[in-house]
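Since the structure comes first, as structure tokens, the remarks are kept for the end.
The values are calculated or read from the model by the stated rules, or taken from the named source; none is laboratory data. Only a predicted model underlies this, so the values are computations on that prediction, with no experimental measurement involved. Positions of Cβ are backbone-derived with ideal geometry, glycine not excepted, and every protein chain shown enters the neighbour counts. Note: areas computed on protein heavy atoms with side chains; ligands, DNA, RNA excluded. Shrake-Rupley method; radii C 1.70, N 1.55, O 1.52, S 1.80 Å.
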Number of protein chains: 4
Amino acid sequence: MPCSAVLLIDCPDRRGLVARVSSLLYERGANILHADQHRDHELGLFFMRVEWELAPEERGGFDLEAFRSAFAPIAAELGMRWTLTSSAHRPRVALFCSRYLHCVADLLHRWHSGELPCDFSMIISNHHDAEPLAGFYGVPFEYVEATAATREAAETRQLALLEAQRIDLVVLARYMQILSPAFVSRYPAAIINVHHSFLPAFTGARPYHAAHGRGVKLIGATSHYVTAVLDDGPIIEQDVARISHRDQVEDLVARGRDLERIVLARAVRWHLERRILCYGNKTVVFD
Amino acid sequence: MPCSAVLLIDCPDRRGLVARVSSLLYERGANILHADQHRDHELGLFFMRVEWELAPEERGGFDLEAFRSAFAPIAAELGMRWTLTSSAHRPRVALFCSRYLHCVADLLHRWHSGELPCDFSMIISNHHDAEPLAGFYGVPFEYVEATAATREAAETRQLALLEAQRIDLVVLARYMQILSPAFVSRYPAAIINVHHSFLPAFTGARPYHAAHGRGVKLIGATSHYVTAVLDDGPIIEQDVARISHRDQVEDLVARGRDLERIVLARAVRWHLERRILCYGNKTVVFD
Amino acid sequence: MPCSAVLLIDCPDRRGLVARVSSLLYERGANILHADQHRDHELGLFFMRVEWELAPEERGGFDLEAFRSAFAPIAAELGMRWTLTSSAHRPRVALFCSRYLHCVADLLHRWHSGELPCDFSMIISNHHDAEPLAGFYGVPFEYVEATAATREAAETRQLALLEAQRIDLVVLARYMQILSPAFVSRYPAAIINVHHSFLPAFTGARPYHAAHGRGVKLIGATSHYVTAVLDDGPIIEQDVARISHRDQVEDLVARGRDLERIVLARAVRWHLERRILCYGNKTVVFD
Amino acid sequence: MPCSAVLLIDCPDRRGLVARVSSLLYERGANILHADQHRDHELGLFFMRVEWELAPEERGGFDLEAFRSAFAPIAAELGMRWTLTSSAHRPRVALFCSRYLHCVADLLHRWHSGELPCDFSMIISNHHDAEPLAGFYGVPFEYVEATAATREAAETRQLALLEAQRIDLVVLARYMQILSPAFVSRYPAAIINVHHSFLPAFTGARPYHAAHGRGVKLIGATSHYVTAVLDDGPIIEQDVARISHRDQVEDLVARGRDLERIVLARAVRWHLERRILCYGNKTVVFD
């Protein structure tokens, strides 16, 4: 895969935004691979993602830092929030998990197969179950005791580990502890969780039991950014599977595992490919 | 389609239930077309649906009334709730609607094409929009003014019409008024509604607006039996469609119409084919 | 819905295309509603759809013809195939059907509800079944006898009718006759058909029988542009439904009707909204 | 999970079959957990699956061998093909794979988590890529060189390994070699393959390339029993995923991996739970 740059923008909508950005890229000689825009007419907002080739230096590579300097004043003038990243930078990711390992095993296998452009730098767990898997894939494993009672000490330790490893993204792969608002505020739009229901239905604990009790005909799973309010952050991806009266709670749990794996893996990949913009409590996911 | 009988049973589970029922049917010479059972091991309940041929008299037709008499004491002994119906009896159905006609138009076309084994005996509406459609398909149309303020009078009139027409099933095809518990109690497990969300998410009014506000990635529709509690009755069928950040509320409304049509039509057909058993607040739907 | 213009472009890919088009639109004062691009890197092709507001004259409306004149030389220079249309122009559509009316009834109801921005100018059929529906919705109905034996005469008559009515789009809504290559060549990328299988599986006649015979676990439907080769034209939309061993051919037919309705309706709407570009034997569908 | 017995039957349909089987089970004191029947009216065939508890001896366990002896003459009289198995018997499974490991990794993780009631007794591959995974999960790994040129020698060696290990089921988890009819005939309805297309579309090599070339809007995967004809055996499960014009072949490959994992895992689990009956070239899958 050749190296590429991604520019993500959101700002108040006004005329000429695409012309400004694309003209600047053209002048600088960018070879655009993908470009996509979105306008929220209701809120008057504009969103854009552009990805272009970063050819190697010896082939007259695109000068990313020069572009950054040229773009900054334009962005300031137009009130843009923006990020500009190179795929040469591989985000450093920490996985949090507890005893259910299907999501962790799935993410590690995808990563090992080259599906996820990142470094899995650490697995943090309040149980030892994931340790052999971590060892197999060569990811450092850290046991941090965490219960509702010891949350403060646990989070202090976890945050120290994340900082020491300069972690960019935290993935809660069926981590069964609730993170405090203080923890969450340290990684805005950088903690991804998977909840085992079709949110906003069945927030909180034991959603498959709740789904079974309500007699729904489809179960779901949701990946979302974590915010201070439990199960309320911006939704990234959702999927569902059909069930019937024959399915008991344990069948829902088994069916649901496949959904959880997939919606979490998609969310992580899209985040890493810088396809996601948050606004309000929602996401734009450029495909 | 040949004439057939359907026996629906639910009762406390115990050994030998299938043997008892199937032996009795065999002794009487029934030619079984479909049979299905379900056990809820958690609650200790047994459910069964058997369908068999009712050959014409001249070919030595099955004597349904003799079977009914023979079965009654067995059913009493085993604590069964049961219904026995012949497909020769076509249920009489009333459609309730307001201004959105996509579900009504869909049901009428399906009925006209022979997909729904019933008689549509009446359309009741608090608006006149459906009147031409009713006329085209030859279904009597009754305008009954109904608002929150006039609900009591409206329901008195509606109930009188339903009784006069000996209605077996009421279908709320995007009828925008809430029915009182008193009304609902007159037709237990015989009023089917379609709600334009994936219940239990987004109960109540304007679910597409709520879904848009929450930023979900799938929208849904749910058909269910109406009970005294709004949007809380036993779910019959649900389906979902994928949406994206590009979809505004009006796009959700348009996409949702296709879901509403389909989940309502399936529920009505399954009810008419006597595939549904309610227990607690859930349904068994035999396929 | 305010009036808008849509510009559809495809051409060899090169740098600066988006900058050129968006700058020209900005200079002319266009208020862009949606814009989307696609690059096929393998074939070196570029595709673009831009939609912008056409404000009323009194509010300083966009001058579409002036834009057309300004754009033409640019398009020529860049080797673009392009179309520029105003939503004020409502395409004139002819529906072809035979005896199965579910697609026709569905399209007519959607059109009547305002879902389809076109004029249904004519229904042509080799049977009389659709005549009452046509009458109900006020669409002129033309009976044209058509069998394999009389195809040439039938097509001569059909083409005369289409020309007399200045038809822009022909929709084959389960029309059971094959159109000759000569007929098809008169409406390139302007005849939409629905085939009742998941193409390319089960081309030709009786696809539900073939699907049942092969024992597939999902059935499908496909809408596509008609080309000279049967069931081989560019695919616009496909969808599937799950079936089981319990489903007989007639169940597949019934389930399939819902798929056919939906994939055909989507294709027609997307065509009318000018979201589709054909290239090679494939489509780009801008969402 | 308590121990249970499964009786699978297929035979010519006639009256009284359910009564005979269920009465015998009742007399012997079986506590039925699930029972399901299917009739193919077209072919006049009857299919049945019954599962009942095998309580431990000390609680007066069901005598399976006595039931087998009592059932055999009845089955002979009624022309039944039948199998009777206890869940205490764990089938011995061999995995075949080549270089793509997503299905192998998925199956091994599910097995390790207790999702699959079997013993993975051996992994056979014509590459060494799967060796570390096999080691991690403690499954013996056998490298057997296999190319089109060396097929005969390879199959001799493979068959010897399968026999030595008394293998009950062979799972081709993206094994990229074709098995000879002679090999296949040794394991009738006991070799499960996953093909990366929605069969019968795109049989043979490189189906994702073919799908991309045809411009389909959905891709699929199919699990099936292997027969002498390539990609033609009885289909067990299929699933699809939506794609768009933006997806290149490599995107189809990546999306498809999730489908392949799921349809293969379902097929293996259903086979192990003895839910599948083959007849003609089709399957009955009891849910």
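Points to keep in mind about this one:
- If both residues of a DSSP beta bridge must be in chain A, then about 70% of such bridges are antiparallel.
- Shape of segment D:128-169, Cα gyration tensor, a/c cut at 1.5: oblate
- Across all Cα pairs in segment A:226-287, the calculated P(r) in 5 Å bins from zero up to the longest distance comes to 4, 16, 21, 19, 17, 12, 8, 4, 0 percent per bin.
- Between A:N281 and A:V229, the simple spin-label model (points 7 angstrom out along Cα→Cβ) gives 0.3 nm.
- Overall form of chain A per C-alpha gyration tensor (a/c, 1.5; a/b vs b/c): prolate
- Compactness of the protein assembly as shown as Cα Rg over 2.2 N^0.38 Å, two decimals: 0.98
- Separation of alpha-carbon centers, segment B:174-207 and segment C:189-261, rounded to whole Å: 35 Å
- For segment A:196-239, the alpha carbon positions stretch 29, 19, 11 Å along the principal axes, listed from largest to smallest.
- Protein accessible surface hidden between A and D, which excludes ligands and nucleic acids, total in Å², probe 1.4 Å: 1600 Å²
- Its Cα gyration tensor gives segment D:63-116 an equivalent ellipsoid, and the semi-axes of that ellipsoid, as √(5λ) in whole Å with the largest first, are 37, 14, 7.
- Per-residue Karplus couplings for segment B:174-186, computed as 6.51 cos²θ - 1.76 cosθ + 1.60 with θ equal to phi - 60°, are listed in order as 6, 7, 8, 10, 8, 8, 6, x, 4, 4, 4, 5, 7 Hz, Gly and Pro entered as x.
- The lysine pair count for the protein assembly as shown, using Cα distances under 20 Å and pairs eight or more places apart or on different chains, is 8.
- In this structure the protein assembly as shown gives 39 Å² per residue of accessible area when probed at 1.4 Å with all protein chains present.
- Normalised convex hull volume, segment B:79-174, alpha-carbon set, Å³ per residue: 129 Å³
- In whole percents, the pair-distance distribution calculated for segment C:1-50 from its alpha-carbon pairs, binned every 5 Å from zero, is 5, 18, 30, 22, 14, 7, 3, 1.
- If R0 equals 60 Å, the separation of the Cβ atoms of B:D63 and C:A153 corresponds to a calculated FRET efficiency of about 0.55.
- For D:I178, solvent-accessible area (1.4 Å; no DNA, RNA or ligand), Å²: 90 Å²
- Of the DSSP H helices in chain D, those whose Cα atoms cover at least 18 Å axially and whose Kyte score averages -1.0 or more: D:64-77, D:151-164, D:249-272
- Annotation: peptides A:146-157, A:222-233, ranked by per-residue average of other Cβ atoms within 10 Å with the highest first, follow the order A:222-233, A:146-157.
- Cα Rg over Rh - segment C:101-150, Kirkwood: 1.02
- Part-to-part distance (alpha-carbon centres) for segment A:30-104 and segment B:265-287, which is given in Å: 50 Å
- Shielding by partners for peptide B:210-219, expressed as the average number of C-beta atoms from other protein chains within 10 Å of each residue's C-beta, is 6.
- Shape call, segment B:145-287: gyration tensor on alpha carbons, a/c limit 1.5: oblate
- DSSP-defined antiparallel bridges as percent of all bridges, segment D:4-86, nearest 5: 100 percent
- Separation of the C:R90 and C:R242 label points, Cα + 7 Å toward Cβ, nm: 4.2 nm
- Residue-level accessible surface for C:E131, protein heavy atoms, 1.4 Å, Å²: 80 Å²
- Accessible surface of B:R15 - all protein chains present, 1.4 Å probe, nearest 10 Å²: 120 Å²
- Apolar share of the accessible surface for chain D: 53 percent from carbon plus sulfur atoms, 1.4 Å probe.
- DSSP beta bridge pairing in the protein assembly as shown, given as percent antiparallel to the nearest 5: 70 percent
- Each 10 Å bin from 0 upward holds the following percent of the Cα-Cα pairs of segment D:127-199: 16, 51, 31, 3.
- Taking 19 Å as the cut-off, the amide N atoms of segment C:243-287 that come nearer than this to a point 7 Å along the Cα-to-beta-carbon line of C:R206 belong to C:247-257.
- Taking all Cα pairs closer than 8 Å and separated by 6 or more residues, the relative contact order of chain D comes to 15 percent.
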